[in-house]
Amino acid sequence: MVDERTIINGRKRYKKKKKKKRRRRILFGLFMLSLLLLVSSLGYASFLLHKAESVMNKSYEMLRYDNAESLDPKKDNFSVLFIGVDDSRTRNFQKDTRSDALILATFNAKDQSVKMVSIPRDSYVYIPCEDKYDKITHAHAYGGVKCTVETVENLFDIHINYYVKMNFYAFMDVVDALGGIEVEVPYNIKEKDSEDHHNAIVLKKGLQKLNGEEALALARTRKKDNDIERGKRQQEILKAILKKASQASSITKYDDVIEAVGNNMKTNFTFDQIKSLVYYVVSNKNLSIESLHLTGTDSNDGVYYYMLDEQSVQEISETLQNHLR
């Protein structure tokens, strides 16, 4: 006859064994889940890299023969000219479009810092490719990216390593792919949309989340102020895009961002350099971004020009040159 104590002990051992098995199954399940997540993440990362490489290869367009391809954004100081052009389906994507936004940025790897200056589109400057003075926005219409880069180089006496040219759609699609950006709207705005429909975009004053069309309207408007304030807004929008893109929650949206940029951008960054640039922005938690501002005066003798203050140009030129050393 079996002892009662033996039965109780047997039950305890059985329960303990069953509990241990269940714990092992849970641990195994968690391990498999983690493994699946890791594999899917690696698969997603691999997919993104492959897609980004394909897109960048299509977007790549050499500027000139220099040492740009040998630079490493993670280790070297470099300069980038961001060119926003005002072409769209309504404007038939013409080659002689003007630049609507020009932002020159210098990157210093050691200091982990970026300095940016917006150049008002109506700035009266010397345009080398035409050997004459005119609005800087016309440089792109005269000779595309090359003429625009040479004009900015002449203005600041600085060598530009890279350019990124984007049209309206690239800008809007990137903002939308990131789920919108948070920006301060300085005043109530009624502005045309990307297809030139007047007063199609209505914004209220204050900090708010903007979609692509709204962000474009904010970047373009200058009805209540001037090109200098417009340039400041464009820099704030660019900062908001960089901030949103660097957030972990945006990683799953990179596929859409890459797709958005693909058909609407040209650059002389290689794919490997773009990877380094993304690393530069995302990994540097203490990345400092400083906005520099040109000053000048309005001039209108039948045609409006913005006359840049020579001392302001010189001071910013020296600041950028020192930042690249």
With the checklist (1) open to solvent by 70 Å² or more (accessible area, probe 1.4 Å); (2) at pLDDT 85 or above in hand, flag the one item residue 218 doesn't pass. (1)
Of the residues in segment 120-155 that are closer than 19 Å to residue 230 by Cβ, among the hydrophobic types (A, V, I, L, M, F, W, C) and open to solvent by less than 10 Å² (accessible area, probe 1.4 Å), the one that is farthest from the chain's Cα centre (by Cα) is 125
Counting only residues that are hydroxyl-bearing (Ser, Thr, Tyr) and under 22 Å from residue 296 (Cβ atoms), how many does segment 188-233 have? 1
Going through 239, 204 one at a time, which residue ends up being surrounded by fewer than 16 Cβ atoms within 10 Å (Cβ to Cβ) and basic (Lys, Arg)? 204
Is it the case, given these coordinates, that residue 109 is more than 26 Å from residue 314 (Cα to Cα) and either small (Gly, Ala, Ser) or open to solvent by less than 10 Å² (accessible area, probe 1.4 Å) (or both)? no
May I ask you to list the residues in segment 178-222 that are among the aliphatic types (A, V, I, L, M) and either in contact (Cβ under 8 Å) with a residue 60 or more places away in the chain or on the phi > 0 side of the Ramachandran plot (or both)? 178, 181, 219
Quick one: would you say residue 96 is in contact with a helix residue (DSSP H, G or I) (Cβ under 7 Å, 6 or more places away or on another chain), at pLDDT below 95 and surrounded by fewer than 17 Cβ atoms within 10 Å (Cβ to Cβ)? yes
Assess whether residue 225 counts as being touching a residue at least 60 places away in the same chain (Cβ under 8 Å), open to solvent by 20 Å² or more (accessible area, probe 1.4 Å) and not aromatic (Phe, Trp, Tyr). no
Output for segment 254-273, where each listed residue is open to solvent by less than 20 Å² (accessible area, probe 1.4 Å), at pLDDT 80 or above and part of a helix (DSSP H, G or I): 273
Can you tell me which residues in segment 100-117 are within 22 Å of residue 144 (Cα to Cα) and at pLDDT below 90? 100, 101
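The values are calculated or read from the model by the stated rules, or taken from the named source; none is laboratory data. The model shown is predicted, which means the values in this text are computed figures rather than measured ones. Cβ atoms come from the backbone with ideal geometry, glycine included; neighbour counts cover every protein chain shown. When the accessible area is computed, the model is the full protein with side chains, heavy atoms only, and any ligands, DNA or RNA have been set aside. Shrake-Rupley method; radii C 1.70, N 1.55, O 1.52, S 1.80 Å.
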